[in-house]
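I have placed the structure first, in the form of structure tokens, so that the comments after it can refer back to it.
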Amino acid sequence: MLHDGQPPIRLARLTQSGTLRAGPRSRRWMPFESSQEIAPAAVSFEWDARVEVVPFLYLRVRDALHEGCGSGRVELLSLLSLGHDRDRPELNAGAMQRYLAEAVWYPTALLPSAQLAWSPIDERKALATLTSHGITVSLEFHFNHEGEVAAVYTPARWMKSGRKYVQMPWEGHFFGYWECSGMLVPSAGEVGWHVDGAWQAVWKGRVTYASYEFER
């Protein structure tokens, strides 16, 4: 949520901590700490996480979106590459949907613009459609009684399953709004997939630090 006259965010920096798992069918939750930098005008982000597998053994997970190109990399102890994917249509679209969902943490990116259009669904829901670098994605935004974004949803987001990508319903929840730099942003969130008729969380995190640089 924004106040009148809120200047656009030029750069956002976040740190987070929480737990995640490799997929909705995995039983193992692993703690993580991450840092993220977002440039809304460029529709880009870099997310760098340290995920603890067991004490003293960790994975480094890096996800990014630049100029419409999504990428993901997983390394063991920042040395041994366990997986890398880049610039696939499914990955690019998925990364842009993630950027749009996470805009609750850099909310001036949700203002109507040449790139972002809103259309109402009902009294509590609206569809946001983002177009950037020739890619168009949409998400449903669900609002609570206070006008805060409580959830986002899409019936089809690309998920990697083995060596291929499949489209699955995807949903995120946000809560604990607090005021930061004159804006109301959520302090925590969770995201996951709908599998076999049930929503399964795969990421639960809390913002531990947020800073913003604004356009002048």
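The values are calculated or read from the model by the stated rules, or taken from the named source; none is laboratory data. Just so we're clear, the structure is a prediction, and the values are computed from it rather than from any experiment. Every residue, glycine as well, gets a Cβ built from its backbone with ideal geometry; the counts of neighbours run over all protein chains shown. Note: accessible area is taken over every heavy atom of the protein model, side chains too, but ligands, DNA and RNA are not part of it. Shrake-Rupley method; radii C 1.70, N 1.55, O 1.52, S 1.80 Å.
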Run the reach check for Lys204 against aspartates and glutamates, Cα to Cα strictly under 17 Å, same-chain hits fewer than 8 apart removed. What comes back? Glu33, Asp48, Glu52, Asp63, Glu102, Glu171, Glu190
Net +/- balance of residues flanking Ser119 in space, Cβ distance below 15 Å, scoring K and R +1, D and E -1: -1
Which log10 I(q)/I(0) values does the range 94-178 give at q = 0.16, 0.22, 0.23 Å⁻¹ under the Debye formula, counting every alpha carbon as one identical point scatterer? -0.63, -1.12, -1.21
Kindly provide the pair-distance distribution of the range 1-89 built from C-alpha pairs, with 5 Å bins from 0 and whole-percent values in order of increasing distance. 3, 12, 18, 21, 18, 13, 7, 4, 3, 1
With a 10 Å cut-off between alpha carbons and a GNM built on the chain, which of Arg21, Arg163, Arg206 moves the most? Arg163
Where GluC sites (Glu not before Pro) in DSSP loops with at most 11 other Cβ within 10 Å are excluded, longest remaining stretch of the chain: 147-214
At 37 °C and 0.692 mPa s, what whole-number value in µm²/s does Stokes-Einstein give for the translational diffusion of the chain, with Rh from the Kirkwood sum over Cα pairs? 185
Across the range 1-45, what fraction of all alpha-carbon pairs, as a whole percent, falls in each successive 10 Å bin from zero upward? 21, 31, 30, 15, 3
For the chain, what's the relative contact order in percent, using C-alpha pairs closer than 8 Å and at least 6 residues apart? 21
What part of the accessible area of the chain, given as a whole %, is carbon or sulfur when the probe is 1.4 angstrom? 53
